[in-house]
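Data first, discussion second: the structure below is written as structure tokens.
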Amino acid sequence: MNAQFKKGVLEMCVLVLLGEKDRYGYELVQDISHRFEISEGSIYPLLRRLRDEGNVVTYLQESAEGPARKYYSLTAKGGIIRDELVAEWQEFIVAVNGLLDGVNHAEG
Amino acid sequence: MQKDKYLSQLRQAIRALPENEQEEILADYDEHFRMGITDGRTEAEIASALGDPRSIGREYAAVSLVNRAEESPSARGIGRAVLATVGLGLFNLFVVFLPFLILVFMIVLILIIGFSIACAGPFLAGYAVLILIGVLPMQLDTPPLAAIFFGIGLTSSGLLMIALDYWLTRICYRQTIRYLRWNIEVISGKETL
């Protein structure tokens, strides 16, 4: 998939997933890369920026299998950003799909 | 690529960052490798899925330098932030480096002009005063008093220009930070996705 497409929606996907439940980095990467291909290393700079902006917070939690994992949790501020991004996304795909349908009808 | 090599290339790319930031970043990737191995993947698989450590590192470095330039504004700080952003892609030579140079050139030029005009005032006024008190022969076409007023006017305009330049610099500084941030997020680091 086009890299520019993904760059825009990756932030929204991360916020949505964290809104559902707290996740650790590897888990987030897997949950996203199961659906569409990403360069896995790009999640961490994004998470760091989201933390710097106060949209997510991190905490360490021990795991059964080994050393502590760094969990990410959505903040109230992050929730607002997520809702805005999702609303914009919905509006956008409706508009783009409308355009595609219109052209297909004209052709067919 | 093996984990150790991956992490050392990443470390190399972010060596300009404060020690604690470096450790935090490396810890994230170290954790990622550990989880991946638990997941049954090989180090080489994990490394190739993560993407080039050097470009990931360069993006971290650019973001961090932009943040630092924002927190403690300085000419050196913004210069480093600009250079780090330019390092993210060849295209940025034209959309970051060149415009930034032109901007700096204009700001310095306005400062020099303002300073020259401000300095010219006392010279002109002083010259007119010397004529007025009879030290120098009358050589001006205009009355000496007019030259004095004009000199004061010049100095005030020069000082005003310097003040405006200062104000302009502050605005440009803020906007440059915003632009770099936007550039890093939207344009650069495309290949890291």
(request) Starting from residues that are more than 9 Å from chain A (Cβ to nearest Cβ) and either of a type in the set (A, V, I, L, M) or touching a Ser or Thr at 6+ places or on another chain (Cβ under 7 Å) (or both), keep the ones in region B:22-46 and report whichever is nearest to A:TYR71 (Cα to Cα). (result) B:LEU26
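Condition check ((1) touching a residue at least 40 places away in the same chain (Cβ under 8 Å); (2) within 14 Å of chain A (Cβ to nearest Cβ); (3) in a helix (DSSP H, G or I); (4) of a type in the set (S, T, N, Q)) across all residues:
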residue	(1), (2), (3), (4)
B:ALA120	no, no, yes, no
B:LEU130	no, no, yes, no
B:VAL135	no, no, no, no
B:MET138	no, no, no, no
B:ALA147	no, no, yes, no
B:LEU168	yes, no, yes, no
B:ARG178	no, yes, yes, no
B:ASN183	yes, yes, yes, yes
(message) Condition (residue is over 17 Å from B:ALA13 (Cβ atoms) and among the hydrophobic types (A, V, I, L, M, F, W, C)) applied to region B:72-79: is it met by at least one residue?
(response) yes
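Only one residue in B:PHE115, B:PHE91 is surrounded by fewer than 16 Cβ atoms within 10 Å (Cβ to Cβ), in contact (Cβ under 8 Å) with a residue 40 or more places away in the chain and closer than 20 Å to B:GLY57 by Cα, so which one is that?
Values: B:PHE115 fails: closer than 20 Å to B:GLY57 by Cα.
Only one candidate passes the filter, namely B:PHE91.
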(request) Being assigned to a helix (DSSP H, G or I), touching a Leu at 6+ places or on another chain (Cβ under 6 Å) and within 17 Å of B:ILE177 (Cα to Cα) narrows it down to one of B:ARG68, B:ARG76, B:ARG80, so name that one. (result) B:ARG80
(message) Name the single residue that is farthest from the other protein chains (Cβ to nearest Cβ) among those in region A:53-66 being free of Cβ contacts under 8 Å to residues at least 24 places away in the same chain and of a type in the set (Val, Ile, Thr).
(response) A:VAL57
(message) When you check A:ILE43 against the structure, is it of a type in the set (Val, Ile, Thr) and within 11 Å of another protein chain (Cβ to nearest Cβ), yes or no?
(response) yes
(request) Collect the residues in region B:25-45 that are crowded, with 16+ Cβ neighbours inside 10 Å and basic (Lys, Arg), keeping them in residue-number order. (result) B:ARG34
(request) Name the residue, out of A:GLU11, A:GLU65, A:GLU40, that is exposed (fewer than 11 other Cβ atoms within 10 Å of the Cβ), at pLDDT below 95, in contact with a helix residue (DSSP H, G or I) (Cβ under 7 Å, 6 or more places away or on another chain) and not β-branched (Val, Ile, Thr). (result) A:GLU65
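Taking the stated definitions as given, is A:ILE32 modelled with pLDDT of 90 or more, buried (at least 16 other Cβ atoms within 10 Å of the Cβ) and farther than 23 Å from B:ALA62 by Cβ? Working first, answer last.
On the way: modelled with pLDDT of 90 or more: yes; buried (at least 16 other Cβ atoms within 10 Å of the Cβ): yes; farther than 23 Å from B:ALA62 by Cβ: yes.
Spelling it out, A:ILE32 is indeed modelled with pLDDT of 90 or more, buried (at least 16 other Cβ atoms within 10 Å of the Cβ) and farther than 23 Å from B:ALA62 by Cβ.
Yes/no per residue for (1) within 23 Å of B:ARG58 (Cβ to Cβ); (2) among the aliphatic types (A, V, I, L, M):
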| position | (1), (2) |
| --- | --- |
| A:VAL16 | no, yes |
| A:ARG23 | no, no |
| A:ILE43 | yes, yes |
| A:GLY66 | no, no |
| A:GLY78 | no, no |
| A:ASP83 | no, no |
| A:GLU88 | no, no |
| A:ALA95 | no, yes |
(request) Pairs only if they're at least six apart or on different chains, beta carbon under 7 angstrom, first in region B:21-43 and under 22 Å from B:ARG68 (Cβ atoms), second of a type in the set (S, T, N, Q) and part of a helix (DSSP H, G or I); list them, first residue then second. (result) B:GLU21/B:SER64
(request) Kindly indicate the residue of region B:64-93 that is more than 14 Å from chain A (Cβ to nearest Cβ) and among the charged types (D, E, K, R) and also nearest to B:GLU23 (Cα to Cα) among those meeting that condition. (result) B:ARG80
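Condition check ((1) part of a loop (DSSP other than H, G, I, E, B); (2) more than 11 Å from chain B (Cβ to nearest Cβ); (3) of a type outside the set (S, T, N, Q)) across all residues:
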{"site": "A:LEU17", "(1), (2), (3)": "no, yes, yes"}
{"site": "A:LEU28", "(1), (2), (3)": "no, no, yes"}
{"site": "A:ARG51", "(1), (2), (3)": "no, no, yes"}
{"site": "A:ILE80", "(1), (2), (3)": "no, yes, yes"}
{"site": "A:GLN90", "(1), (2), (3)": "no, yes, no"}
{"site": "A:ILE93", "(1), (2), (3)": "no, yes, yes"}
{"site": "A:VAL96", "(1), (2), (3)": "no, yes, yes"}
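The values are calculated or read from the model by the stated rules, or taken from the named source; none is laboratory data. Quick caveat: nothing in here was measured; it's all calculated off a predicted structure. Cβ: placed from backbone, ideal geometry, glycine included. Neighbour counts: every protein chain shown.
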